[in-house]
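Report on the structure given below.
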């Protein structure tokens, strides 16, 4: 019988029967053989190695060269019942298979299938897919990039991006004509210019292209240039020659310049009384002048809002935001494994953590999850508001709608940004209303002139339960305001009068608000640089908030008075206007507790707090260790740290004001090298090490000298919390080469820099170190990971760290940013 031939057919790797390609599948049913034949049919349905295809209903179509004949005896069950039984058993079989499927099974195409189009020798037991039908999405909802489905999605995304690029309208509200009265149709802006171009480069380019124009200008660091034409014929010619012209890896685009829609005569009337004093504000680069009513270079892509720029994840639920961040962090962490593998020297075996990474999806260590922020809305205790013009030409205090290099300087109010508190928004509104009548100009980033630049609002909260701070306002008890100005070219007496008016506006606005707004400190920072990021030594003075007294205070008074209080883990912290302090206080408590738990602290622990800021990490963990040594380059932050240690009665902390790369090596030697000098008592002991006023050094030798104390610390731990750029290579080298340092907790606000630093810390070294070529300038074009691999090859022989575990802490809801904590041990 044919049934016997079928049973004798070859068996594949899964234990199922493969039928010959040219066979005829004949099923003979009888009353006593129904069960056997049905089981055989089920196996045939599950087997795909015989060339059968699916018709989309869950049943299998036979190959074209096979004939499927069914002979039923009179006692056979109805065909409908038999089919239903087959479908039911097929569904049960698929259910059993699904429950045991590995998350990564069938998420990539089999390499043999990609080469030949056929199945490999593993058959159905192969972990990889043998066709688009078998392919499953990966855990991060992406598809195998070699699959047709992924290629199709990529093309669709590219087409969508191109369509979006065509639909974008660049709106430039600056008038760039020399006489200030040209028609807007003659004002155009060129987009996608080289960022290194100056106005001369733009003019030379237009001349080479045979373009006639009246004036042209751009600025280094911007991709936008401004051109004014004399006639519509010149505009038409320029569009024909330049629109869509390939330029490097981009194409040129010409967009309209939109004039602002409000009365031209308002601002000149305001400036009439001080026209001589404020004349420098109207100067423009290369001698071009701007009409007083012009809006300083302000452009924005159509439809962009402050909410979309500042909080791009606000449209997602908080649960979806956390999943998005966790997935993104996992992809970033995989870079550490790949780059450490590449950086491993020849002849040196790969470390165990790289070999074991395949078991956890390519991660260097397990990402244990993400800790939620206790407060999701209005959580920021510090907001820096730009001062500029809106698209309608109105003086505005809020957030910039894009990057300056893209020609975007327009500012929008922060009212719709969920991460900003109501108190911060209200103070921005008060300052904005004051600027409507101020005779002093707003800072113009196009020509780097003006007076009003930025408003910083810092909030201090009192301790309270989470349930009491859901609104983000009820626990705010203190507010510090810092207004950044540029006094260049202006008389001090005139400035003081204007600042008096500003202080009065803030006092009245805070007292008349319902409920009243707290206002503790009002400071003014004078910064004359190009960027709003002022240096640490920028002049800072405080304005009095008491009626009947002179508003202006001496700079000597600022150090003691210009602070507000905030609490972390029931410790009180004084915060100066420019000191670093985590912007999400409640989430920071969870962050520091996690770092302390992972550090393995104890009474015999020496804790190095690198990039300590105001000492928050070291002070919150001081009661769990024998000694804390903090390093910070900001002098005001170190002063705050010393003061914070004093007001909280903490005696086992020492804070050094210097760059970590300058003193890290000497401090490690000082505390990890046993030295005896009974005649020297200048070192810091456990009893008097709370305040170290003289610990200000610029050289490594400054901190190592004069210490004769024998330090008995069995456990040495470092917690590093660097800025976004990461740790300096010298600091990494010092941490790596001191063998007594066995545990390192890295807290990063930029996972990319963490991965680059971890490459140097965790890559094995060899005796044959490669010395870098000083004349090689190729490093300028390297990525951060590539540069780290290059430096890892010259790392002195030392035991590398190993990634143990990682945890994310969400300090920034509604944004893509997230803190990542990684434990490194050796």
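The values are calculated or read from the model by the stated rules, or taken from the named source; none is laboratory data. Fair warning: this is a prediction, and the values are worked out from it, not measured in the lab. Because the Cβ atoms are built from the backbone with ideal geometry, glycine has one as well, and the counts that use them run over all protein chains shown.
Among the residues of the range 195-210, how many are surrounded by fewer than 18 Cβ atoms within 10 Å (Cβ to Cβ) and within 18 Å of residue 231 (Cβ to Cβ)?
Number satisfying all stated conditions: 3.
Got a number for residues in the range 561-580 being over 17 Å from residue 657 (Cβ atoms) and either part of a loop (DSSP other than H, G, I, E, B) or modelled with pLDDT of 95 or more (or both)?
Here the count works out to 5.
Select the strands (runs of 3 or more DSSP E) contained entirely in the range 348-453, then report the ones holding at least 1 residues which are touching a helix residue (DSSP H, G or I) at 6+ places or on another chain (Cβ under 6 Å), closer than 30 Å to residue 195 by Cβ and modelled with pLDDT of 95 or more.
Because the criterion is at least 1 residues that are touching a helix residue (DSSP H, G or I) at 6+ places or on another chain (Cβ under 6 Å), closer than 30 Å to residue 195 by Cβ and modelled with pLDDT of 95 or more, the strands (runs of 3 or more DSSP E) in the range 348-453 that meet it are 382-389, 395-400.
Among the numbered criteria (1) assigned to a loop (DSSP other than H, G, I, E, B); (2) within 17 Å of residue 627 (Cβ to Cβ); (3) at pLDDT below 50, which single criterion is violated by residue 699?
(2)
Across the range 512-545, what is the total count of residues that are over 15 Å from residue 480 (Cα atoms) and either out of contact with any helix residue (DSSP H, G or I) (no Cβ under 7 Å at 6 or more places or on another chain) or surrounded by 13 or more Cβ atoms within 10 Å (Cβ to Cβ) (or both)?
17
What residue, among those in the range 737-753 that are modelled with pLDDT of 90 or more, out of contact with any strand residue (DSSP E or B) (no Cβ under 8 Å at 6 or more places or on another chain) and not in a loop (DSSP other than H, G, I, E, B), is surrounded by the most Cβ atoms within 10 Å (Cβ to Cβ)?
Only one residue fits best here, namely 753.
If residue 103 satisfies all but one of (1) surrounded by fewer than 11 Cβ atoms within 10 Å (Cβ to Cβ); (2) modelled with pLDDT of 80 or more, what's the number of the condition it fails?
The one condition residue 103 does not meet is (2).
Do we have any residue at all in the range 363-376 that's within 22 Å of residue 305 (Cβ to Cβ) and either under 21 Å from the mean Cα position of the chain (by Cα) or crowded, with 17+ Cβ neighbours inside 10 Å (or both)?
yes
Tell me, yes or no, whether the range 653-664 has at least one residue that is under 28 Å from the mean Cα position of the chain (by Cα), in the same structural domain as residue 590 (by TED's automatic domain parsing), closer than 23 Å to residue 537 by Cα and surrounded by fewer than 19 Cβ atoms within 10 Å (Cβ to Cβ).
Checked the range 653-664: at least one residue is under 28 Å from the mean Cα position of the chain (by Cα), in the same structural domain as residue 590 (by TED's automatic domain parsing), closer than 23 Å to residue 537 by Cα and surrounded by fewer than 19 Cβ atoms within 10 Å (Cβ to Cβ).
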